[in-house]
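Below is one structure, written out as structure tokens; comments come after it.
The values are calculated or read from the model by the stated rules, or taken from the named source; none is laboratory data. Small disclaimer: the values here were computed from a predicted structure and weren't measured. Here Cβ is always computed from backbone atoms with ideal geometry, including for glycine, and neighbour counts include all displayed protein chains.
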Amino acid sequence: MKKKVLLHVCCAPCSASAVKMLGKEYDISFYWHNPNIYDIEEYKKRKDAAKKYAASLGISFYEEDSFVYDYDNWLECGGETCGFCYAERLSKTAEFAKKNGFEFFSTSLLSSPYQKHELISTIAKEHAEKNETKFLYKDFRPAFYEGKNSLRSEGYYIQKYCGCAGSYKQQKARVCRHINAPKRDLNDKN
Ligand code: SF4
């Protein structure tokens with residue numbers, strides 16, 4: 001019999017690589033708790049996509065109350081200080097796993113090459129210990145692009161920024177810099 005793992009899912013595209021790498025060995029359930037996501041429309045889009053992906057695979061989808069979105073607590077993060085954000089999400093995942101008889105928990109945050117991978121793992125281990133449960137570590141990054149591209153080809157929503165208001169502003173600033181950049185002279189060899 002496969003072992004039960006509760007997978008915290010930050011979004012559908014990141015969960016695809018985790019499913020690919022854990023699916024053969026583990027009985028996966030999805031857990032949604034991402035109060036960091038700005039704004040409300042974005043929050044809904046990501047949650048709906050994750051839910052739809054779970055349904056397409058016949059995977060159970062659990063979530064905290066009917067709606068959890070917490071703008072105020074992420075006002076200061078600026079899209080850089082991510083420890084608080086990881087801890088908030090992974091502590092709830094560990095608690096839920098313990099309470100509901102999952103042998104392990106893990107997170108799709110380990111899929112993205114843009115996240116602070118080691119910090120996620122350290123924080124997850126801390127909360128596993130606190131809750132007397134087990135954190136299942138696996139580096140899902142090798143399957144990240146394959147997973148993301150396969151969901152994109154199936155028409156799933158793919159977000160353009162990490163989640164909080166700070167990361168949204170950073171992404172906007174990058175786009176603006178790109179738009180305002182002087183057009184390159186194609187004859188210029190420099
Ligand atoms: S950049 Fe991402 S991980 Fe970091 S605080 Fe913002 S939403 Fe959380």
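Assorted remarks:
- Single residue of the stretch 1-42 satisfying the filter (within 21 Å of residue 85 (Cβ to Cβ) and over 12 Å from the mean Cα position of the chain (by Cα)) that is surrounded by the most Cβ atoms within 10 Å (Cβ to Cβ): 6
- Among the residues of the stretch 105-117, the ones that are among the aromatic types (Phe, Trp, Tyr) and in contact with a helix residue (DSSP H, G or I) (Cβ under 7 Å, 6 or more places away or on another chain) come to 1 in all.
- Hits in the stretch 80-109 (condition: assigned to a strand (DSSP E or B) and among the hydroxyl-bearing types (Ser, Thr, Tyr)): 106, 107
- A search for C-beta distances below 8 Å between a residue of the stretch 9-20 that is without any contact (Cβ under 8 Å) to a residue 40 or more places away in the chain and farther than 9 Å from residue 53 by Cβ and any residue that is of a type in the set (Ser, Thr, Tyr) and part of a helix (DSSP H, G or I), counting only pairs 6+ apart in sequence or on different chains, returns nothing.
- Just one of the listed residues (4, 52, 20, 47) is touching a strand residue (DSSP E or B) at 6+ places or on another chain (Cβ under 7 Å), assigned to a helix (DSSP H, G or I) and not β-branched (Val, Ile, Thr), and it is 47.
- Elements of type helices (runs of 4 or more DSSP H) in the stretch 110-190, at least 1 residues being modelled with pLDDT of 95 or more and touching a Ser or Thr at 6+ places or on another chain (Cβ under 6 Å): 117-130, 144-153
- Across the stretch 20-34, a minimum of one residue is classified as over 29 Å from residue 132 (Cβ atoms) and of a type in the set (Lys, Arg).
- Test: residue in the stretch 28-36 that is small (Gly, Ala, Ser) and within 16 Å of the ligand (Cβ to nearest atom): no
- Scanning the stretch 79-116 for residues that are farther than 20 Å from residue 144 by Cα, among the hydroxyl-bearing types (Ser, Thr, Tyr) and within 8 Å of the ligand (Cβ to nearest atom) yields one hit, 81.
- Selection status of residue 157, under 17 Å from residue 43 (Cα atoms) and more than 16 Å from the ligand (Cβ to nearest atom): yes
- Long-range neighbours under 6 Å by Cβ, at least six apart or interchain, first residue buried (at least 16 other Cβ atoms within 10 Å of the Cβ) within the stretch 89-104, second at pLDDT 95 or above and among the basic types (Lys, Arg): 102/4; 104/134
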